[in-house]
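Since the structure comes first, as structure tokens, the remarks are kept for the end.
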Amino acid sequence: AHFSQQQSTLTADASPSYGGSVSGGGTYSYGATATVTATPSTGYTLSGWSGDCSGGGSCSVAMNSNKTVTASFSQQQYTLTADASPSAGGTVTGGGVYNSGAAVTVTATPAQGYTFTGWSGACSGTGYCSVTINTNKTVTASFSQQQYTLTADASPSYGGSVSGGGTYSYGATATVTA
């Protein structure tokens, strides 16, 4: 008589397939313990197992019959914080939670009486701001209050003096005395 050890097949899948790879599938002797390993692709994370494994940690399967395990991957997400400095200086759009690899456009709109002066954080300069999301990031739009010059002159100059001229912020009240 010829005897052979019973074999069992372990099918190991990734979902979605581009989210990562899974190793450990194959044919095993009856009673063996199979170790299945999930390796996420860049920008993805292992979110859990299903089938004959569960949870989010390691996966070991007792091979006493044909088994199937699936590693589920999810795209990593990061927060882009978009701030205005000072907060009364204007509005900044583009902040939020995004998938890894996303390209996000951040825009700054000055409030009345303010001027946009530049970016800091994940953007710099005064031009276009586009942020590639691969970690949590912050962008700050800086604004400055507009300044105006009030010139106060007496005419004719020998006729008297005038005070109150100078530089004033937008919306300020200037008192001119003759």
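Of note:
- Annotation note: of Gly90, Gly101, the sole residue that is closer than 22 Å to Tyr44 by Cβ and open to solvent by less than 60 Å² (accessible area, probe 1.4 Å) is Gly101.
- Yes/no for Tyr114 being touching a Pro at 6+ places or on another chain (Cβ under 9 Å) and either free of Cβ contacts under 8 Å to residues at least 60 places away in the same chain or open to solvent by less than 60 Å² (accessible area, probe 1.4 Å) (or both): yes
- Candidate set from region 106-124 (those that are of a type in the set (Gly, Ala, Ser) and not in a strand (DSSP E or B)); member that is farthest from Ala82 (Cα to Cα): Gly113
- Residue selected from region 21-31 under the condition over 13 Å from Cys59 (Cβ atoms) and part of a strand (DSSP E or B), by the criterion most open to solvent (accessible area, probe 1.4 Å): Thr27
- Of the residues making up region 47-84, those that are among the acidic types (Asp, Glu) and not in a strand (DSSP E or B) number 1.
- Pairs, first within 12 Å of Ala178 (Cα to Cα) and of a type in the set (A, V, I, L, M, F, W, C) in region 156-167, second open to solvent by less than 60 Å² (accessible area, probe 1.4 Å) and part of a loop (DSSP other than H, G, I, E, B), C-beta under 7 Å, six or more apart: Val162/Ala152; Val162/Ala154
- Test set (1) within 30 Å of Tyr98 (Cβ to Cβ); (2) open to solvent by 50 Å² or more (accessible area, probe 1.4 Å) - Gln7 fails condition number: (1)
- Which listed residue is modelled with pLDDT of 95 or more and more than 30 Å from Ser23 (Cβ to Cβ), from Ser72, Ser130: Ser130
- Scope region 47-69; condition in contact (Cβ under 8 Å) with a residue 12 or more places away in the chain and small (Gly, Ala, Ser); matching residues: Ser47, Gly48, Ser50, Gly51, Ser58, Ser60, Ala62, Ser65
- Filter result (touching a residue at least 24 places away in the same chain (Cβ under 8 Å), open to solvent by less than 70 Å² (accessible area, probe 1.4 Å) and either at negative phi or in a strand (DSSP E or B) (or both)) within region 32-46: Ala32, Ala34, Val36, Ala38, Pro40, Ser41, Tyr44, Thr45, Leu46
- Of the strands (runs of 3 or more DSSP E) lying entirely inside region 125-178, the ones with 1 or more residues being surrounded by 13 or more Cβ atoms within 10 Å (Cβ to Cβ) and in contact with a helix residue (DSSP H, G or I) (Cβ under 7 Å, 6 or more places away or on another chain) are found at 137-145.
- Applying the condition of being under 30 Å from Cys129 (Cα atoms), open to solvent by less than 50 Å² (accessible area, probe 1.4 Å) and of a type outside the set (Ser, Thr, Tyr) to region 52-87 and asking which residue is nearest to the chain's Cα centre (by Cα) yields Leu80.
The values are calculated or read from the model by the stated rules, or taken from the named source; none is laboratory data. Note that the structure is a prediction, hence the values are computed from the model and not measured. Positions of Cβ are generated from backbone atoms using ideal geometry, with glycine treated the same way; all protein chains shown enter the neighbour counts. Quick note on the areas: whole protein, heavy atoms, side chains included, nothing else; ligands and nucleic acids left out. Shrake-Rupley method; radii C 1.70, N 1.55, O 1.52, S 1.80 Å.
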